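**Q** One structure is given below, represented as structure tokens, and several questions about it will come after.
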Amino acid sequence: MRARTLLDSPVMNDVRLPSLDGLRAFEAAARLGSFERAADELAITASAVSKRVATVEELLGTPLFVRGARSLTLTASGKEYLEQVRAALSLLAAVPLHQRAAQRVQRLRVCSPPTFARQILVPHLESFTAAHPEVELEVVLSIPYLGHEPADADIVVRTGESETPLMRDVIVPVASPALLQRLPPLRTPADLALAPLLRTPLEPWTPWFRAAGLDWPEPAQGPKLVDLGLTLEAAVSGQGVALARPSLAQHWLASGALKPLFRITAEPANHYLLAPHADSGAAPLFARWLREVCERVAREALSALG
């Protein structure tokens, strides 16, 4: 059962409400002292202002102005009514959705895998927000291992097979200098048999093993990490050799916290891609920007490998 409101009451059925345009015309004319000045402010004619005020006066059944040859003077009823109208207009103006800036805002919800968001999306986000201040972004994280994505995201970055990925990634083994000091020299890919290999179902080793001429199966020992960022952090702390995308490990590679072990690279089993999105509004703007960022990041990461 619908709750009753003030609008449902018999009293409200007898209320005569003037138009908002009429109230604005009255307030402007009272404040500026003439229909002509009010017309300039409201971008209408002086005749239109006069007619709107007259309609309000007719509805109220009382004059609001004493009309002189060159000016307007409020009547006693007009002075009292002006205070009430100003209060009402101020309340309406304070409603956020009535403000032009709020009406221009386009909200965009972006869903991304955690490591992609931290290493690629967020570090470059300022260039998009600076170019598109009218877009209010919300970034949420997916759980790739469980296949969980928020259902109401406008832009979704996920991993999978695609002929048009966001970036052409490669994978390469990396390790921390501290780990390399503890291990025998790793001169050839086969020497990885002497090293602990970090495992994650999100980045299987098999593609790189085959590119390196090794027929090894997936590593079966050691902790299994279900996040690419955690895998890289484990490698930085010297826990093992990780299979990394230079685009995601660029920060650690540049600082020397991680070292690429060989010049052999392979294509990863899955690429980052964009799910279908709306072809209007802020979504295509963001998608175009993100493709440009990803292409540049991938190019710089490959160049850094030498």
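The values are calculated or read from the model by the stated rules, or taken from the named source; none is laboratory data. Keep in mind that what you see is a predicted model, and the values were worked out from it rather than measured. When we count neighbours, we look across all protein chains shown, and the Cβ atoms used for this are built from the backbone with ideal geometry, even at glycine.
**Q** Looking only at strands (runs of 3 or more DSSP E) that fall completely inside segment 72-142, which ones have 1 or more residues that are under 11 Å from the mean Cα position of the chain (by Cα) and at pLDDT 90 or above?
**A** In segment 72-142, the matching strands (runs of 3 or more DSSP E) lie at 106-112, 135-141.
**Q** Which ones in segment 229-254 are among the hydroxyl-bearing types (S, T, Y) and either in contact with a Phe, Trp or Tyr (Cβ under 8 Å, 6 or more places away or on another chain) or closer than 14 Å to A175 by Cβ (or both)?
**A** T231, S237
**Q** May I pose another question? Restricting attention to segment 249-284, and to residues there that are outside the structural domain of Q239 (by TED's automatic domain parsing) and in a helix (DSSP H, G or I), which single residue is surrounded by the fewest Cβ atoms within 10 Å (Cβ to Cβ)?
**A** By that ranking, first place goes to P284.
**Q** Can I ask one more? Within the group L230, L179, which residue is assigned to a helix (DSSP H, G or I), of a type in the set (A, V, I, L, M) and under 16 Å from P114 (Cβ atoms)?
**A** Checking each option against the conditions leaves just L230.
**Q** All but one of (1) modelled with pLDDT under 90; (2) not in a loop (DSSP other than H, G, I, E, B) hold for R168, so report the exception by its number.
**A** (2)
For every residue, the table says whether it meets (1) surrounded by 19 or more Cβ atoms within 10 Å (Cβ to Cβ); (2) modelled with pLDDT under 90.
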| position | (1), (2) |
| --- | --- |
| D21 | no, no |
| L32 | no, yes |
| A39 | yes, yes |
| A46 | no, yes |
| R52 | yes, no |
| E58 | no, no |
| P63 | no, no |
| V66 | no, no |
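**Q** Please find, among A235, A287, the residue that is part of a helix (DSSP H, G or I), assigned by TED's automatic domain parsing to the domain that holds E134 and surrounded by 15 or more Cβ atoms within 10 Å (Cβ to Cβ).
**A** None of the other options fit; the residue is A287.
**Q** Follow-up. Quick check, is G213 more than 22 Å from Q119 (Cβ to Cβ), modelled with pLDDT of 95 or more and not charged (D, E, K, R)?
**A** So G213 passes the test.
Quick grid of which residues meet (1) more than 16 Å from A269 (Cα to Cα); (2) free of Cβ contacts under 8 Å to residues at least 60 places away in the same chain:
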position: E149; (1), (2): yes, yes
position: S162; (1), (2): no, no
position: D169; (1), (2): no, no
position: A178; (1), (2): yes, no
position: R199; (1), (2): no, yes
position: D215; (1), (2): yes, yes
position: G238; (1), (2): yes, no
position: A244; (1), (2): no, no
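**Q** All but one of (1) modelled with pLDDT of 95 or more; (2) surrounded by 15 or more Cβ atoms within 10 Å (Cβ to Cβ); (3) not aliphatic (A, V, I, L, M) hold for D191; state the number of the condition that does not hold.
**A** Among (1) modelled with pLDDT of 95 or more; (2) surrounded by 15 or more Cβ atoms within 10 Å (Cβ to Cβ); (3) not aliphatic (A, V, I, L, M), D191 violates only (2).
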